[in-house]
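Read-outs throughout are calculated quantities, based only on the coordinates presented, and are distinct from any laboratory measurement. Nothing here was measured: the structure is a model prediction, and the numbers come from that model. Heads up, the Cβs are rebuilt from the backbone with ideal geometry, glycines too, and the neighbour counts pull from every protein chain shown.
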Amino acid sequence: MLDTLRRVPTPEGFELTLRLAGPVARALAYAVDLVIRAAVLLALSISLPELVGGGAGLLLIAYFLLEWFYPVAFEVWWGGATPGKRAFGLAVLGDNGAPVTFGASVTRNLLRAVDFLPMLYAFGLVSMLVARDFKRLGDLAAGTIVVYRDRPGVRAAIPAAPPLAPAVSLNLEERRAILDFAERHATLSEERADEVASHATPLLRRGAPPARTLLSIANHQRGGRPI
Amino acid sequence: MNQAQFEARHAAEWRDFESWLDAPGARKEAAAGVNPRHWPHRYRAVAHHLALAHDRAYGPELVDRLQSLALRGHQALYGSRGNAMAAVIEFIGSGFPALVRRESTLILTAIALLFVPLLGLIAILLRWPDFVHYLASPEQLLQYEAMYAPANRALGPQHKAESQLAMFGYYIWNNVRIDFQCFAGGLLFGVGAIFFMIYNGLMIGAVAGHLTQLGYISTFWGFVAGHSSWELLGAAISGAAGLKIGWALIAPGPHTRMASLKIASRTAVRLLYGAAGMTTCAAFIEAFWSSLRNLPVELKVTVGIVFWALFLAYFLFAGRDRDAASHAD
């Protein structure tokens, strides 16, 4: 089954849920990085020869570092993401969900040379489609994955309604679903909201509008507390 | 205990942990006057609270908040840490030579792949000088002859900007990149690494043999002697790193191919650190020492031989005490 979620158990007994990033997001991030690198190199090639003698040598060293160590430096010292990856909310992690190590980052970035073959990351793309977890060859060797960074969990406001205790006790997933419904309520037409809410039969009372009932239960869950 | 009581009881702890997570890297290490063991302890407490919140069916918001705290704690505590400088010194002092001894079969294979074509070609060209025309065009040969002609003012490859710094940059960009390509080429079942080894051996051998039979001995050998050990051994070790990866795919042993690749890569990348370091030093020596024109060729060749001898001693003996210690474990 194609699954973009990867669950990693931790020694502390909870599971990390990581959302894996596919080829398209990663290619776009790469393109952004390419532009940044080209811009830096252009700026250096204009300014360096002016500033110091032997600018050509420094320029080649800068080119070398940009080519091979630009991704490594950002992945190791800037939260696992190059500026391009950051722009698309991506980050590189180890297979175990921990931050990527220096060795793993060097491995995955030097092996780009093979992922690039025969042209335009063709091997890397095939590997991503065939291997588990969208890994290119460098990721396979280094034991790394590229995931979406979760945004900090800020919950949206929900429409106010008189709180109402649910008729049956709800588990976590069900409570989550009701809150999600309340948060998205504003984007639905009244009829559609009622239609969606009408599936929650055990919670509804005869005669009361379904959507309003679920909003009341959601307000009860929030307990009238500020968000 | 209901959810409100639970939150009230632990809110301060969570805020405390959160502010530690928000602190930038360096400040995390030295959170004023707090025992460093405090944070792992806090982290486990949060993981425990998360489990409790799940189990007691507390609200999704609380569960999400604890989940995010636990996740960030995991990221902060499981990251690589430690003294990078100490690790580098340890690697140069004992880790790298010990690693080279452990992987001696691969290293010797890579040395053979590089040196057999190299030395063989020199021998062939000394006996049959015209053989060089199978390997290089007349224009290329003229270029090399011009670089090392005894009448030259400066030695070695010449480019528009002839400062030593410019050459240093060029050698880094070109030679270290070749190391990286050897390493990466290993992923093609070792074929890429083998190709680069033999190809580089042939190219170097062709130039060396051709210039030697022309009699450019003091200029050519005087130029290459100083950095030869650094550069050739560095190239061979990066090739060995590629072979390590290739061999892991060909003969994975008791592991799956994927697992075998992952395990071998961890060793191979350490070989590559050493190789890239050596090649970088070679670039430095090549730019700032080998290109000096006014020194007697005997001195330059002697320095070259001393480097080779020092490398032999380094790879044979450095870090032996640590080998013994690790075997005793």
If each part is reduced to its alpha-carbon centroid, region B:265-302 and region A:83-146 end up apart, in Å, by 31
Averaged over all directions, how much area does the convex hull of the C-alpha atoms of chain A cover when projected, in nm²?
18.5
Starting with the fewest neighbours, write out A:GLU183, B:GLU286, A:GLU50, A:GLU12 ranked by other beta-carbon atoms found within 10 Å of each beta-carbon.
A:GLU50, A:GLU183, A:GLU12, B:GLU286
Take the Cα atoms of the protein assembly as shown, build their convex hull, and give its volume per residue in Å³.
217
Run the numbers on chain A and let me know its relative contact order in percent, using alpha-carbon pairs under 8 Å that are six or more apart.
16
Sorted by Cβ neighbour density within 10 Å, fewest at the top, the residues B:TRP230, A:TRP78, B:TRP221
A:TRP78, B:TRP221, B:TRP230
Add -39500 (n - 2.57) for each DSSP H run of 4 or more in the protein assembly as shown, then divide by its residues: what number comes out at 222 nm, to the nearest 500 deg cm²/dmol?
-21500 deg cm²/dmol
Using the alpha-carbon atoms, what tilt in degrees (0 to 90, nearest 10) does helix A:172-184 show relative to the longest principal axis of chain A?
90
For region A:194-199, Karplus couplings with θ = phi - 60° (6.51, -1.76, 1.60), whole Hz, Gly/Pro x
5, 4, 5, 5, 5, 6
Can you work out the PRE-style zone for A:TYR148? Point 7 Å along Cα to Cβ, and I want the residues of region A:1-45 with backbone N under 13 Å.
A:4-6, A:18-26
Can you report the principal axis dimensions of region A:85-170 using only the alpha carbons, biggest first, rounded to whole angstrom?
63, 27, 26
Could you work out the mean count of beta carbons from other protein chains within 10 Å of each residue's beta carbon in B:163-173?
6
Please report the equivalent ellipsoid semi-axes of region A:22-148, computed as sqrt(5 x eigenvalue) of the Cα gyration tensor, largest first, in whole Å.
28, 15, 13
Please report, largest first and rounded to whole Å, the three semi-axes of the ellipsoid equivalent to chain B, where each semi-axis is the square root of five times an eigenvalue of the C-alpha gyration tensor.
56, 22, 19
Peptide B:8-18 - average C-beta neighbours from other chains (10 Å radius):
0
Along principal axes, largest first, the alpha-carbon spread of region B:173-244 in whole Å comes out as 41, 19, 19
What list do you get for B:MET85, A:MET128 if you sort them by fewest beta carbons within 10 Å?
B:MET85, A:MET128
Convex hull of region B:52-104 built on C-alpha atoms - directionally averaged projected area, nm²:
6.2
Extension gain, B:ALA57 back to B:GLU139 (0.36 nm per residue minus Cα-Cα distance, nm):
21.5 nm
Distances over 20 Å make up what percent of all Cα-Cα pairs in region A:155-227?
19
Taking the square root of 5 times each eigenvalue of the Cα gyration tensor, what semi-axes in Å does the equivalent ellipsoid of region B:236-310 have, largest first?
39, 11, 8
Any idea what % of Cα-Cα pairs in region A:8-65 are farther than 14 Å?
69
